[in-house]
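The values are calculated or read from the model by the stated rules, or taken from the named source; none is laboratory data. Quick caveat, the model's predicted, so the values are computed rather than measured. Ideal geometry is used to build each Cβ from the backbone, glycine not excepted, and the neighbour counts take in all protein chains shown. Just the protein is used for accessible areas: all its heavy atoms, side chains included, with ligands, DNA and RNA removed. Shrake-Rupley method; radii C 1.70, N 1.55, O 1.52, S 1.80 Å.
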Amino acid sequence: MISSATIGPNGSVEPGTTADAFLGGRIEIIQYKTGHRGGSDAVFLAAAVPARAGETVLDAGTGAGTAGLCLLARVPGIDVAGVEIDQSQCALARQNAERNRFSDRFRVIEADVTAPGKVLGTAGLVREGYDQVIANPPFYGAGSVRAAADASRASAHVMPDGELERWVRFLTTMAGPHATLTLIHRAESLCPLLEVLKDRFGGLAIYPLFPRRGVPAARVIVQGRKNSRASARLLPGLVLHEDGGAYTAEAEAVLRNGAALNLDATGV
């Protein structure tokens, strides 16, 4: 799914970074060797977004832009705004947008999604202005894991108490009246995630990602419609690996060929 390479002088990357290929080479992402790095979670998140030509997408916590750029590669005619708190990651995201020839359709906005009073005044963000809102928020609660020594990696993976609700509150504020939300998170966090989504997004589709057949899901993709009153649905999900470790054909179709995941969050 991802391959790293050293780029020559004309397309050189700064020291301490790698050039990683996604979607079978359709997208190339410059990332830091240490700190937060986009991977398969970002690709599966992008694959699940039911965006259509002419729509606007908000990617909260965009990092180096992996999810947003994979989505742009799959869906023509959309515009993506990536919001990121880390200045260095913002710089990489802008570089990656240009590198992949999406700089006219991918805007990077430096802002803290957990500070609503400040972020709503950020230039370029439009309240209730997006047809799709997506996020791959920090996975772990404070104190549940040992924080990484790298500050950017730590902030991307661990969130203080109450921060998940602040992420969802930001996404709710940015989402249009009938916008679709798509999130990827740890399966263990499904209950608190559903709790903070309650009364904000309905018609929730829960799509598990299983490491192998017969084992519990490690990740869940959750998708819903703002202001919907439809019931939640638990979907069959996707098995990622065969017993020998290779990706399943279905996972390979997403990771290498850019296939979409249909969660069908159309309930009203």
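For residue 163 and residue 186 in the same chain, what is the full-extension length gain: residue separation times 0.36 nm, less their Cα-Cα distance, in nm?
Working: separation 23, 0.36 × 23 = 8.28 nm, distance 1.53 nm.
Computed gain between residue 163 and residue 186 is 6.8 nm.
Expressed in nm to one decimal, what extension gain is obtained for the pair residue 257 and residue 195 from 0.36 nm per residue of sequence separation less their Cα-Cα distance?
Numbers: separation 62, 0.36 × 62 = 22.32 nm, distance 3.44 nm.
Stretched out fully, the residue 257 to residue 195 stretch lengthens by 18.9 nm.
Accessible area per residue of region 186-240 at 1.4 Å probe, in Å²? Working shown, then result.
Numbers: 2770 Å² over 55 residues.
I get 50 Å² per residue for this part.
Under Stokes-Einstein, with the Kirkwood radius over Cα pairs standing in for Rh, what whole-number D in µm²/s applies to region 177-268 at 37 °C and 0.692 mPa s? Before the final figure, lay out the partial values.
Working: Rh = 13.8 Å.
D = 237 µm²/s.
If you count only protein heavy atoms and use a 1.4 Å probe, how large is the accessible surface of residue 250, to the nearest 10 Å²?
Looks like 100 Å² after rounding.
Mind giving me the FRET efficiency for residue 88 and residue 231? R0 is 30 Å, r the Cβ-Cβ distance, nearest 0.05 is fine. Intermediate values should be presented prior to the final figure.
On the way: r = 43 Å, r/R0 = 1.42.
Plugging the Cβ-Cβ distance into 1/(1 + (r/R0)^6) gives 0.10.
Using a 1.4 Å probe on the protein heavy atoms only, what accessible surface does residue 247 show? Give it in Å² to the nearest 10.
Result for residue 247: roughly 70 Å² accessible.
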